Amino acid sequence: MNLYEYQGKELFRKYGVPTPQGFVAYKPEDIVNVEGEVVVKAQVLTGGRGKSGGVKFASSVEEARQKAREILAMEIKGHKVHAVLVEEKLKIEKEYYLSILIDRSTRAPLIMASPEGGVEIESVPDEKIYKYSVNPEIGVQPFVGRILSKKMGFSGDLAKQFTKILINLYRLFREYDAELVEINPLVLSEGKLIAADSKVVIDTDSLYRHPDLEENAEEKTPLELEANKAGYAFVELDGNIGVIANGAGLTMATLDTLLLYGLKPRNFLDLGGTDSVDITKNAFRYVLKANPQAILVNIFGGVTKCDTVAQGIIAAKDEFKIDLPIVVRLSGVHEEEGRKMLADAGIHAFADMRHAIEKLKSIMEGSQ
């Protein structure tokens with residue numbers, strides 16, 4: 001789950017990482033006190049807001065409200081702006097980059113630091129990016145901060161500040177089950193290192209451990225939220241084939257195979273391990289709301305028995321009056337019984353995913 005900048009900075013402050021003074025405003029009237037120059041920043045879960053006009057400066061309450069009014073009326077890369085962050089304008093002397101992320105190649109946290117911040121890290125030359133792989137059993141000790149401080153050009157008090165920020169940032173990373181914490185830029189302002197921006201990505205599966213965090217609705221479509229609330233892992237895509245499968249791995253393999261055959265999935269729906277006719281039936285409710293042109297069901301039955309799935313598919317076809325093509329792959333426990341039930345109901349059923357998708361492709365080509 002991506003956090004908004006203001007949410008990330010709330011966590012930064014909680015862990016002793018310095019940030020500018022500021023507050024969130026959801027409407028212009030929320031801005032009641034401005035001292036000196038401030039920056040008004042759109043709160044959206046996408047990059048490039050500065051180039052899109054989502055960052056403006058003001059020096060009075062009236063001007064800040066006007067800038068907020070302009071930003072709140074914007075849509076940035078398809079994201080409607082619902083809030084702005086109003087912060088003190090810093091006197092920036094230099095910008096740096098600092099992040100901690102999961103390095104999947106080493107299966108360990110990786111620190112990335114650069115003396116060239118304020119730009120996309122991908123545009124920074126490799127020789128200007130300093131990396132340190134963290135041993136999870138040891139964590140980030142002060143010596144790591146000293147090593148990176150020297151490479152970053154810090155000494156004396158700045159080296160101490162950087163080391164403290166790094167250690168605290170790693171504590172946040174570990175304790176909040178983060179996949180990424182990033183400060184870009186980490187700025188030098190009047191002798192202090194300050195996190196001028198924040199990017200924090202939390203492992204969504206860990207949210208039950210963090211009741212202080214609420215999932216941001218902007219990350220999901222209304223249909224995704226509705227399906228998730230009903231207990232389904234559901235993601236909308238931009239194709240035309242509705243997909244129901246069981247298990248995240250099999251569902252992803254189904255999407256990949258559809259693309260291999262030149263077909264485009266309309267959604268990702270993981271039925272999970274269930275032996276419920278109703279759960280299978282109701283999955284069709286959300287797939288149908290995505291308006292696909294056909295539906296592919298790919299089930300490998302273990303806990304999920306094939307005859308139970310067949311009953312759910314037939315019940316869905318009857319209850320929701322589905323007139324779209326439905327192609328099913330059933331393999332596993334009670335597969336023959338399940339395929340016979342579907343065939344008797346006029347639904348295409350196969351034992352092999354490839355054969356099912358080939359049938360679906362011929363149906364789609366015939367409808368063109």
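The values are calculated or read from the model by the stated rules, or taken from the named source; none is laboratory data. None of these values were measured; they are calculated from a predicted model. Note: ideal-geometry Cβ built from the backbone for every residue, glycine included; neighbour counts use all protein chains shown.
Data table
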quantity	calculated
Filter pass, residue 157 being over 29 Å from residue 84 (Cβ atoms), of a type in the set (D, E, K, R), surrounded by fewer than 20 Cβ atoms within 10 Å (Cβ to Cβ) and at pLDDT below 95	no
Residue satisfying condition, being exposed (fewer than 14 other Cβ atoms within 10 Å of the Cβ), acidic (Asp, Glu) and at pLDDT 90 or above, within set 238, 197	238
Tally of residues being in a loop (DSSP other than H, G, I, E, B) and over 18 Å from residue 91 (Cα atoms) across the range 20-49	12
Subset of the range 165-193 (residues that are of a type outside the set (A, V, I, L, M, F, W, C) and farther than 22 Å from residue 118 by Cβ)	170, 171, 174, 175, 176, 177, 179
Selection within the range 93-117 - surrounded by 16 or more Cβ atoms within 10 Å (Cβ to Cβ) and either part of a helix (DSSP H, G or I) or of a type in the set (Gly, Ala, Ser) (or both)	99, 113, 114, 117
Criterion violated by residue 7 - all others in (1) closer than 30 Å to residue 176 by Cα; (2) in the same structural domain as residue 83 (by TED's automatic domain parsing) satisfied	(2)
Condition met for residue 62 (over 21 Å from the mean Cα position of the chain (by Cα), part of a helix (DSSP H, G or I) and without any contact (Cβ under 8 Å) to a residue 12 or more places away in the chain)	yes
